[in-house]
Amino acid sequence: MKDGYDFSKGERGKFHSPDPEFVIPVYFEPDVIGYLSERAEAKCVEVEQLTNDILRRDIALVEAVKCVANSARSLTMAHPRYSSHEIAERGQTLYEREICGALPPSARGSFLVVDIETGAYEMDPDELAAVKRARANHLDGAFFVLRVGHSAAFRLRHMSLRTASVVGC
């Protein structure tokens, strides 16, 4: 280090940014980055874009469950190609026409997660378990969630959120 420095030709604030944007590095385990890389390659997108899309959908899921459901008979998850209303409408139709009659009586009370694009569904007493399985099988699916045999998927503060009556089941 020098004894002295000449700052007479320096420009104050030359590298200052009033609104800096920080990018936080995220490190993945090898199995996770392998999975994400394969998925990204299959979809012809960058790993960063796929990862951000997955995280945004998870955030939307958490927020949707926190804020509650679409009229609470059911829950729709944010999707780039469909509005919540369209997901609910198509999901309810699929449930009533194709799924409800095929469910055993023991399904009552379970959560049903339907991919409105494929008609594939997962069912579990734990809604999060059903959602995770559905997303594992159809990462970019448009999902509709309902509770079989109930007029409301969720209850908040002892108040049932109701808008649709149970059809069958």
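The values are calculated or read from the model by the stated rules, or taken from the named source; none is laboratory data. What you see is a predicted model, and the numbers here were worked out from it, not measured in a lab. A quick note on method: Cβ atoms are made from the backbone with ideal geometry, for glycine too, and the neighbour counts reach across all protein chains shown. Keep in mind that these areas ignore ligands, DNA and RNA; they rest on the heavy atoms of the full protein, side chains included. Shrake-Rupley method; radii C 1.70, N 1.55, O 1.52, S 1.80 Å.
Picking from residues in region 88-111 that are of a type in the set (A, V, I, L, M, F, W, C) and over 21 Å from the mean Cα position of the chain (by Cα), the one that is nearest to ALA142 (Cα to Cα) is ILE99.
Pairing residues of region 113-138 that are within 15 Å of GLN92 (Cβ to Cβ) with residues that are in a helix (DSSP H, G or I) and of a type in the set (Val, Ile, Thr), at Cβ distances under 7 Å and at least 6 apart in sequence or on separate chains, gives VAL113/VAL131; VAL114/ILE99; ILE116/ILE87; TYR121/ILE99. Taken over region 86-129, the residue count meeting the criterion of being open to solvent by less than 20 Å² (accessible area, probe 1.4 Å) and of a type in the set (Phe, Trp, Tyr) is 2.
Note on region 1-51: residues that are of a type in the set (Ser, Thr, Tyr), open to solvent by less than 90 Å² (accessible area, probe 1.4 Å) and closer than 22 Å to HIS138 by Cα amount to 2.
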